[in-house]
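Here the structure is laid out as structure tokens; the discussion comes afterwards.
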Amino acid sequence: MNVHAHIGATRVSARGVELSRKLRITAGALLVAVPLAAQTSSVKVRIGAITETMPLERYVAAVLAGESSVFHSGEALKAMAVAARTYAVRLRRRHAAEGFDFCATTHCQHIDMSALKPALNAAAADTASELLWFEGKPAYTPYTRDCGGRTEDAGAVWPDLAAPYLLSLRDPYCARDGFSGWHWRLQPAEALAALRQAGLRAPLRLERIHILTQTSSGRAAVLMLSGGGELVRMDASSFRFAIGRALGWNLLPGDLYGIRESVSETVFYGRGAGHGVGLCQHGAEQMGLAGRTYREILAAYYPGTSLGVTARGISWQRLSGDSIVLLTTEPARDRPVLATAESELRRVEQRLRLRLAEPVELRIYPDLDRFRNATGEPGWVAARSDRHRVEMQPAAALERRGVLDTTLRHELLHVVVEQQGGTAPLWFREGLAGYLEQSAAAPLDLHAPLRIPAEADLRQRADEQRARKAYADATRAVGILAARYGETTVFDWLKRGLPPEAMKAAESQAATNSR
Ligand SMILES: [Zn+2]
Ligand SMILES: [Zn+2]
């Protein structure tokens with residue numbers, strides 16, 4: 001018997017479990033499906049010498065206290081709450097052989113019961129039971145302290161945990177408040193002692209270290225240690241763990257570094273901290289402070305997963321056209337959309353005198369909720385695209401609003417444009433898409449002032465009116481340039497970039513108009 005103050009609490013929660021079990025039995029006949037999160041509503045956590053059973057949401061708040069108590073953004077905290085919860089549900093029973101689910105250290109997730117705060121409980125409560133899903137299963141959602149501007153491919157760190165939503169990505173938000181650069185001056189004797197302590201084979205004398213191979217994200221993968229005529233290969237992660245355990249984790253906080261050597265010293269210069277896989281806490285905090293929602297943060301770091309209380313796995317069916325592969329849940333209903341998309345693509349190619357370089361995938365989501373969960377876009381965004389994929393709201397919804405054809409045209413235009421890999425600025429690419437999406441050239445009001453919208457206005461999703469105005473300005477600017485230089489010339493700028501005199505002409509035209 002373990003006599004401890006926690007026994008009281010345990011009794012209460014044991015009664016709670018009894019009660020909920022009874023309720024579930026009573027309600028069982030009415031429930032079609034019990035959400036998975038409800039099935040795993042409590043976890044056993046080993047804290048020191050005690051195993052404590054606690055509600056899942058309390059565990060999530062305790063993880064926030066241990067892993068991200070310094071966050072200032074509520075949305076970033078909510079994103080972390082979903083990541084921590086999904087991680088817990090996915091990896092539950094990790095320590096089953098020892099009689100509990102999770103340890104309290106970073107091996108599982110670091111928890112700190114003494115640092116619980118109302119804001120952390122609120123982040124857990126506001127997202128209660130929400131998980132990230134991939135193909136009908138909770139996703140594997142690791143997170144990292146600071147990716148240094150580029151996240152790592154999960155497969156490079158844990159080969160058996162590679163996943164399409166955990167590929168290496170550029171993180172523009174990390175850099176917002178300056179990179180967290182660091183350097184570490186190697187002390188050979190100290191490092192050798194650390195390596196031996198970790199049981200790693202090392203040269204007797206350490207004279208040189210160089211990076212033998214890097215991962216696709218630019219992190220050190222394999223090091224070569226040399227000295228006294230010996231050469232020893234070592235995984236960069238083994239090297240880092242040995243140094244961290246013996247000398248402290250802040251000296252060599254990650255594997256994103258270069259090594260500079262001189263006659264007298266070896267210095268590691270690096271950025272970021274942690275393994276770099278999944279949600280970047282530093283970047284997520286910056287995204288939150290910039291007004292992005294937790295949905296957007298999660299969609300940025302775990303692209304392709306969907307957020308929800310239940311699996312909501314989408315059983316996609318494929319329809320193949322000439323250049324487009326359509327993914328839909330209702331092939332019979334959406335088949336005509338494929339034909340429309342193919343003919344819109346031909347028109348776009350003809351007008352731009354450009355060909356699609358690679359096939360494109362068109363995904364039509366079955367409902368607005370799943371479109372929002374998968375893309376992180378608000379409901380007023382009809383579709384979005386990158387160079388290989390167009391994702392859109394249900395076709396029927398767009399058709400009702402009379403925007404199905406123009407939406408397809410606009411997005412396919414973007415795909416063709418993005419595949420050229422040109423350097424034209426965002427306002428020009430958006431403006432061109434807007435210009436070409438009009439079936440007849442709209443009459444231009446040449447007397448209104450010409451405005452080149454700011455990139456931030458085009459990218460932001462918080463303010464619909466601001467976004468619409470920025471898109472309209474971009475479209476109009478391209479219309480004026482096309483009237484002045486001719487369409488062929490202007491389309492050509494896609495590949496070559498905008499000549500400075502075009503920008504100047506646009507500006508002087510604006511000056512003439514406003515006079
Ligand atoms: Zn553990
Ligand atoms: Zn980052």
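The values are calculated or read from the model by the stated rules, or taken from the named source; none is laboratory data. Here the structure is a predicted model, which is why all the values come from computation and not from measurement. Please note: Cβ atoms are built from the backbone with ideal geometry, for glycine as well, and neighbour counts cover all protein chains shown. Keep in mind that these areas ignore ligands, DNA and RNA; they rest on the heavy atoms of the full protein, side chains included. Shrake-Rupley method; radii C 1.70, N 1.55, O 1.52, S 1.80 Å.
Candidates in the stretch 68-85 are the residues that are more than 13 Å from Gly288 (Cα to Cα) and part of a helix (DSSP H, G or I); of these, the one that is nearest to the chain's Cα centre (by Cα) is Ala83.
Screening Ala62 against (1) in contact with a Leu (Cβ under 9 Å, 6 or more places away or on another chain); (2) more than 16 Å from ligand 2 (Cβ to nearest atom); (3) of a type outside the set (D, E, K, R); (4) closer than 20 Å to Thr293 by Cα leaves a single unmet condition, (4). Within the stretch 315-360, the set of residues being outside any helix (DSSP H, G or I), open to solvent by 40 Å² or more (accessible area, probe 1.4 Å) and within 30 Å of Ala482 (Cα to Cα) comprises Arg353, Arg355, Ala357, Glu358, Pro359.
Sort out which residues of the stretch 100-113 are in contact with a helix residue (DSSP H, G or I) (Cβ under 6 Å, 6 or more places away or on another chain) and within 11 Å of ligand 1 (Cβ to nearest atom), and write them in order of number. Once the filter is applied, which keeps residues that are in contact with a helix residue (DSSP H, G or I) (Cβ under 6 Å, 6 or more places away or on another chain) and within 11 Å of ligand 1 (Cβ to nearest atom), the stretch 100-113 yields Gln109, His110, Ile111. Number of residues in the stretch 105-123 that are crowded, with 21+ Cβ neighbours inside 10 Å and either of a type in the set (Val, Ile, Thr) or more than 26 Å from the chain's Cα centre (by Cα) (or both) equals 1.
Within the stretch 170-187, restricting attention to residues that are buried (at least 20 other Cβ atoms within 10 Å of the Cβ) and part of a loop (DSSP other than H, G, I, E, B), which residue is nearest to ligand 1 (Cβ to nearest atom)? Selected residue: Asp171. Of Asp126, Asp153, Asp160, all but one fail to be farther than 25 Å from Ala62 by Cβ, away from ligand 1 (no atom under 16 Å from the Cβ) and surrounded by fewer than 17 Cβ atoms within 10 Å (Cβ to Cβ); the exception is Asp160. Every test in (1) among the basic types (Lys, Arg); (2) within 26 Å of the chain's Cα centre (by Cα); (3) more than 16 Å from ligand 2 (Cβ to nearest atom) is passed by Arg196 save one, and that test is (2).
The rows are residues; the columns are (1) within 29 Å of Tyr302 (Cβ to Cβ); (2) of a type in the set (A, V, I, L, M); (3) touching a residue at least 40 places away in the same chain (Cβ under 8 Å).
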| position | (1), (2), (3) |
| --- | --- |
| Leu166 | yes, yes, yes |
| Asp171 | yes, no, yes |
| Ser180 | yes, no, yes |
| Leu200 | no, yes, yes |
| Thr213 | yes, no, no |
| Met224 | no, yes, no |
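Being within 15 Å of ligand 1 (Cβ to nearest atom), part of a helix (DSSP H, G or I) and open to solvent by 40 Å² or more (accessible area, probe 1.4 Å) is a description that applies to Ala97.
Screening Glu98, Glu52, Glu75 for residues that are of a type in the set (Asp, Glu) and closer than 20 Å to Leu132 by Cα leaves exactly one candidate, Glu75. The requirement of being assigned to a helix (DSSP H, G or I), among the aliphatic types (A, V, I, L, M) and away from ligand 2 (no atom under 16 Å from the Cβ) is fulfilled nowhere in the stretch 127-135; no residue meets it. With respect to (1) open to solvent by 30 Å² or more (accessible area, probe 1.4 Å); (2) in contact with a Gly (Cβ under 7 Å, 6 or more places away or on another chain); (3) within 16 Å of ligand 2 (Cβ to nearest atom); (4) in contact (Cβ under 8 Å) with a residue 60 or more places away in the chain, the lone exception for Cys147 is condition (1).
Pairs linking a residue in the stretch 235-251 that is in contact (Cβ under 8 Å) with a residue 12 or more places away in the chain to a residue that is acidic (Asp, Glu), with Cβ atoms under 7 Å and 6 or more positions apart or on different chains, are Ala236/Asp255; Ser237/Asp255; Arg240/Asp255; Leu247/Glu190.
Can you report the number of residues in the stretch 145-154 which are outside any loop (DSSP other than H, G, I, E, B) and closer than 20 Å to Ser306 by Cα? Steps first, answer last, please.
To start, the set of residues in the stretch 145-154 that are outside any loop (DSSP other than H, G, I, E, B) comprises 146, 150, 152, 154.
Now narrow it down to the ones that are closer than 20 Å to Ser306 by Cα: 154.
Qualifying residue count, the stretch 145-154: 1.
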